[in-house]
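None of the figures in this text is laboratory data; all of them are computed from the coordinates on show. Values in this document were obtained by computation on a predicted structure and should not be read as measured data. Note: ideal-geometry Cβ built from the backbone for every residue, glycine included; neighbour counts use all protein chains shown.
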Amino acid sequence: MTDWKNIHSDFTSQLQKGWEERNFNYEQTKEWINIGLCPNEAEFAAFLSEQGYTTEDVLNNSDIDIESLREEYSDNNQKKFCCKHSRQANNLVTLAISQITGKSENDTGRRGGEYRRGVCLIYRC
């Protein structure tokens, strides 16, 4: 069995699993780490691969800026995260309001006073 700590001392079995789940083997992972990715950036490496980048491209093409790509990835990921979690938060707020007031959103309407007060109470927590 290959010790992934030979690639980088920060590798854990969980981080290794993340790379393997994204179909990177030991050698491929080592290449990505050697060009500047961190052991916790398996998703970023997968993103780069999906965009058609290889480790060779990044090493040999001075027009490819890994930091700019990292920012692009971060921005894309943040937008997905925010959209997903704002929908979940809205559902939780709606549920909490109905528990607090004993009424559903349909009973009070989104603009109803009780609903607005409930939202304020929850967001203060």
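How far apart, in nm, are the 7 Å Cα→Cβ label points at Ser68 and Glu56?
So the label points at Ser68 and Glu56 sit 2.3 nm apart.
If each residue's Cβ is checked for other Cβ atoms within 10 Å, how do Thr29, Thr54 rank with the fewest at the top?
Values: Thr29 24, Thr54 15.
With the fewest neighbours first, Thr29, Thr54 line up as Thr54, Thr29.
How much net charge surrounds Ile7 when only the other residues with a Cβ under 13 Å from the Cβ of Ile7 are counted, with Lys and Arg +1 and Asp and Glu -1? Don't jump to the answer; show the numbers that get you there.
Numbers: positive: Lys5, Lys30; negative: Asp3, Asp10, Glu20, Glu27, Glu31, Glu41.
For residues surrounding Ile7, the net value is -4.
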